[in-house]
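What follows is calculated from the coordinates using simple rules that are stated; it is not laboratory data. The shown structure was predicted, so the numbers you read here are calculated from the model rather than taken from an experiment. Cβ: placed from backbone, ideal geometry, glycine included. Neighbour counts: every protein chain shown.
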Amino acid sequence: MDTNFALTVFNIMAQLFVWLVGVVIIGIAVVYVVDRVQTKHAVRRNYPVIGHLRYWFEHLGEFFRQYFFAMDREEMPFNRAERTWVYRAAKNEDSTLAFGSSRDLRPVGSILFVNCPYPTLEIDAEDTSSVVLGPYCDIPYETDSVFHISGMSFGAISKPAVQALSRGAKKAGVWMNTGEGGLSPWHLEGGADLVYQIGTAKYGVRDEAGALCDERLQAMAAHEQVRMFEIKLSQGAKPGKGGILPAEKVTDEIARIRSIEAGKPSISPNRHPEINTAEELLDMIERVRAVTGKPTGFKAVIGTYGWLDELCEAIHSRGIESAPDFIAIDSADGGTGAAPASLMDYMGLPLKESLPLVVDILIKHSLRDRIKVIASGKLVNPAQVAWAMCIGADFAVSARGFMFSLGCIQALQCNKNTCPTGVATHNAALQRGLVVTDKAERVYQYAKNMRKEVGILAHSCGVPEPRRLQRFHCRIVQANGLSVPLDEFYPSASV
């Protein structure tokens, strides 16, 4: 009986194997015919079936390069050394290294800080000074942190990502920019200070025609947590192009918050139709500030810059109170969830050029104290933030740095709703990996450790806190291999 049972099982398995082989053969035959007939892919047409391996290997190459072949400081947009620092800071792990730095100090453009023979003693060190934004507003905003969360829309990032950022920001005492996607309950849930970004589509504060609505502006300003308003003129990764949220990421909830239709792409205009001149920009700033009573500024990527001189002249003509309360300068290598490659690769000035340019224009027009400067664009580690302070920024903000703190692995799938870490997807199964309570703590630790180590750099330069850093505290390597101080490299003004 046992022998009969064994033979029966063997026969069933044999039949199953034959059936599977048949299915595979039929499948290969179908793929062969399809490949030979189709006209879109030459490789598949000439090499049916095996031609598919080319596309598979090409996809796998992204991951092999990241994990096996790229050196610690080779990858773009962020290399392994940069990401590792953020991960360790977010986990509050030991950030010390042994033996020596792997950073090459020879490439042109490398920055070096100049240590003081008598560094600031810890007992004499300040944490950070307090800065007031919007002194002419009904409700000014005061903060002491130098590092904050840049704009990331609910839509571009997931609900648990927004929740973790909001909770972590509250604990760290930093602000969180909503991005252009409007204000969600998840922004408010954590209790953080918020900067409401008004993008070109005016999501959340638009009327049915898409124009700015004062009543909705007032409704947003009624939230005590909304501390400032930022008018977005342009974004680092796509100057001259509006926001792009693919249809698969426009859920019912996101559509409701943005006042748009679910399941269809959310494409913002490439600029604000009502802002054509410096005067009209000041009109918009004044309108938002008057309606909300809160500090209002704008965000822009710098390309041409004559318009900034025109803006400063218009401010003096109207009166100092008419000035924007802040200017957020985004770098050409800033991040995004989706952008055309032509804009991402070629449009706009990087922060290393635009930040000193804007600071010097404000100094020239005696507006530097009135208008606070926020630096944005690949500022994810302490040296990059300290550099921005040396140039003359009041604040530095980061989006991708905080994404790394949430667990982002730079999979480059932000625009596909397939983010493997749950940060930039609305797939509930993938969001499950992002545990809000755990990641909120990492957001807090990242912000805390950033502030601590920027302070360490400042104290080594001999100043009590980061906003006391000057251009001569930082040097930049030239083509001859020698470095020059930033106040010689950018000689038009001294901060």
| message | Kirkwood hydrodynamic radius, the chain, all distinct C-alpha pairs: what's the number in Å? | response | 24.7
| task | Could you list which residues have their amide H under 5 Å from that of Ile198, counting only those 5 or more apart in sequence or on another chain, with H placed in the peptide plane? | result | Glu230, Ile231, Lys232
| Per-peptide average of other Cβ atoms within 10 Å, ordering 205-218, 452-465, 275-288 highest first | 452-465, 275-288, 205-218
| Per-selection Kirkwood Rh - region 99-196 (Cα, Å, 1 d.p.) | 16.7
| remark: Per residue convex hull volume, Cα only, region 98-139, in Å³ is 236
| Among 139-145, 156-162, 94-100, 407-413, the order from most to least packed when residues are scored by Cβ within 10 Å on average | 156-162, 407-413, 139-145, 94-100
| query | If you wrap a convex hull around the C-alpha atoms of region 261-401 and split its volume per residue, what is the figure in Å³? | reply | 140
| How high is the relative contact order of region 69-206, in percent, with contacts defined as C-alpha pairs under 8 Å that are six or more residues apart? | 14
| Amide H contacts of Ala396 (H built 1.01 Å from N, under 5 Å, at least 5 apart or other chain) | Phe147, His148, Ala375
| remark: Calculated from DSSP helices alone, with each H run of at least 4 adding -39500 (n - 2.57) and the total divided by the residues of the chain, [θ]222 nm to the nearest 500 comes to -12000 deg cm²/dmol
| field | Directionally averaged projected area (convex hull, Cα atoms, region 452-494), nm² | value | 3.5
| In the chain, what cysteines have no partner Cβ closer than 4.7 Å? | Cys116, Cys137, Cys213, Cys312, Cys408, Cys414, Cys419, Cys461
| Taking the DSSP beta bridges in the chain as the whole, what percent of them are antiparallel, to the nearest 5? | 30
| remark: Ratio for region 165-251, C-alpha Rg to 2.2 N^0.38 Å, reads 1.12
| request: Mind listing the long-range amide H neighbours of Ala332? Cut-off is under 5 Å, sequence gap 5 or more, other chains count too, H placed in the peptide plane at 1.01 Å from N. | output: Leu349, Leu351
| said: Once you keep just the Cα pairs under 8 angstrom separated by 6 or more residues, what percentage relative contact order results for the chain? | reply: 20
